[in-house]
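**Student:** Next up is a structure, given as C-alpha cells.
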Amino acid sequence: MAEVKGKYITMACKLLETKPQAKEAALQGVKKLTGRLYDELEPEGWYSAGVLESIFKSIREYSSPIAANASIKLIGQKIFPTIDQTVGLPKHLKTPLDFLKYDSQSFINDHRGSDVIPRKIIEAKEGKVIMEAMSPGYDCTLNEGVFLGILKICNINTGDVTQTKCIKKGDQVCEFVIKW
C-alpha cells in the first residue's frame, strides 16, 4: 500500500473551510484511519494514501462533480507551495520545465510503497511536457492540479493541462499533456 507525507493530508483538510459537510466527513475519516486529528499528523511522517483518498471521497460526496474536481485540483495546486513552506524548493528551479522535471523526484520523495510508480517524462521541451503520472491509491485529478500549480508558481496563467489517458477509463497509464 502506498504512503504519503502527512503535510499533504493536513493541507488538504485545511482547504475544506468552505465545504463544512465535506470537511466534517474528511476529518472523521482522517481520525479513523490515522488515530489522530488532521493537525496532529507529523508533516514528514508516513500515512496511507488511502487517507488522502478518503478526503477526496468526502469532497465528492458533498459537492457537485464540477465543484469536487475543482476542489481536488486546488489541493493539487497547493502541493509545491506546501513543499516550499516545509522543506523548501531548490533555488535552481526557474521555468515550468525545471519544475516538471523536479516533480518526478519530488513525487518519489513524498511517496513510498510497492505500488508507487515513478513519474515518467515521455516528452520534454520548452512549452510542452507529456508525463505519465500514476496516483497510488488516490484520485488522479490531483495530478492535474499539481501541474497547474507548477505553471502558477512560474507566473503562467494561460497554460493548459490535459489528461489524455486514465487508468479509471481503461488505459494502462495516466498521462498528462502540460503546455505553456
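The values are calculated or read from the model by the stated rules, or taken from the named source; none is laboratory data. Keep in mind the model is a prediction, meaning the values are calculated, not measured. A quick note on method: Cβ atoms are made from the backbone with ideal geometry, for glycine too, and the neighbour counts reach across all protein chains shown.
**Student:** It is to be established whether one or more residues within region 133-141 are at positive phi and in contact with a Leu (Cβ under 9 Å, 6 or more places away or on another chain).
**Tutor:** yes
**Student:** Does residue 43 satisfy the condition of being touching a residue at least 12 places away in the same chain (Cβ under 8 Å), more than 22 Å from residue 175 (Cβ to Cβ) and out of contact with any Gly (no Cβ under 7 Å at 6 or more places or on another chain)? Even if it seems obvious, please write down each step before you answer.
**Tutor:** On the way: touching a residue at least 12 places away in the same chain (Cβ under 8 Å): yes; more than 22 Å from residue 175 (Cβ to Cβ): yes; out of contact with any Gly (no Cβ under 7 Å at 6 or more places or on another chain): no.
No.
**Student:** Something else: Taking region 8-19 as the search range and keeping residues that are in a helix (DSSP H, G or I) and of a type outside the set (A, V, I, L, M, F, W, C), which one is nearest to residue 79 (Cα to Cα)? Write out each step before concluding.
**Tutor:** From region 8-19, those in a helix (DSSP H, G or I) are 8-14; that's our starting set.
Those left that are additionally of a type outside the set (A, V, I, L, M, F, W, C): 8, 10, 14.
Numbers: 8: 7, 10: 11, 14: 13 Å.
So the residue we want is 8.
**Student:** Can I ask one more? Restricting to region 132-180, and then to whatever is under 10 Å from the mean Cα position of the chain (by Cα) and among the hydroxyl-bearing types (Ser, Thr, Tyr), can you tell me which residue is surrounded by the fewest Cβ atoms within 10 Å (Cβ to Cβ)?
**Tutor:** Filtering first and then ranking leaves 141.
**Student:** Are there any pairs, at least 6 apart or on different chains, whose C-beta atoms fall under 6 Å, with the first in region 148-174 and closer than 18 Å to residue 126 by Cβ and the second of a type in the set (Asp, Glu), and if so, which?
**Tutor:** If the second residue must be of a type in the set (Asp, Glu), the pairs left are 161/144.
**Student:** One residue is enough: does region 20-31 have a residue meeting the conditions in a loop (DSSP other than H, G, I, E, B) and either surrounded by 15 or more Cβ atoms within 10 Å (Cβ to Cβ) or of a type in the set (D, E, K, R) (or both)? Write out each step before concluding.
**Tutor:** Here is the first cut: in region 20-31, the residues in a loop (DSSP other than H, G, I, E, B) are none.
Looking through region 20-31, none of the residues is in a loop (DSSP other than H, G, I, E, B) and either surrounded by 15 or more Cβ atoms within 10 Å (Cβ to Cβ) or of a type in the set (D, E, K, R) (or both).
**Student:** Taking the conditions exactly as written (buried (at least 19 other Cβ atoms within 10 Å of the Cβ), under 27 Å from residue 17 (Cβ atoms) and among the hydroxyl-bearing types (Ser, Thr, Tyr)), does residue 58 satisfy them or not?
**Tutor:** The answer is yes for residue 58.
**Student:** Can residue 75 be described as crowded, with 19+ Cβ neighbours inside 10 Å and closer than 28 Å to residue 19 by Cβ?
**Tutor:** yes
**Student:** So which residues in region 84-112 are closer than 16 Å to residue 151 by Cβ, in a helix (DSSP H, G or I) and either in contact (Cβ under 8 Å) with a residue 12 or more places away in the chain or polar (S, T, N, Q) (or both)?
**Tutor:** 96, 97, 99, 100, 101, 102, 103, 106
**Student:** Sticking with this one: When residues of region 119-162 are filtered for being small (Gly, Ala, Ser), in a loop (DSSP other than H, G, I, E, B) and in contact with a Phe, Trp or Tyr (Cβ under 8 Å, 6 or more places away or on another chain), how many remain?
**Tutor:** Taking region 119-162 and keeping what is small (Gly, Ala, Ser), we get 124, 127, 133, 135, 137, 145, 149, 159.
If we keep only those that are in a loop (DSSP other than H, G, I, E, B) as well, we get 127, 133, 135, 137, 159.
Imposing the further condition that a residue be in contact with a Phe, Trp or Tyr (Cβ under 8 Å, 6 or more places away or on another chain) reduces the set to 127, 133, 159.
Matching residues across region 119-162 total 3.
**Student:** Shifting gears a bit: What do you reckon, is residue 115 touching a Phe, Trp or Tyr at 6+ places or on another chain (Cβ under 9 Å) and not in a strand (DSSP E or B)? Before the answer, list the steps.
**Tutor:** Numbers: touching a Phe, Trp or Tyr at 6+ places or on another chain (Cβ under 9 Å): no; not in a strand (DSSP E or B): yes.
So residue 115 does not fit the description; no.
**Student:** For the condition outside the structural domain of residue 23 (by TED's automatic domain parsing), surrounded by 17 or more Cβ atoms within 10 Å (Cβ to Cβ), charged (D, E, K, R) and at negative phi, what is the one hit in 110, 84? Can you show your working first?
**Tutor:** Working: 84 fails: surrounded by 17 or more Cβ atoms within 10 Å (Cβ to Cβ).
None of the other options fit; the residue is 110.
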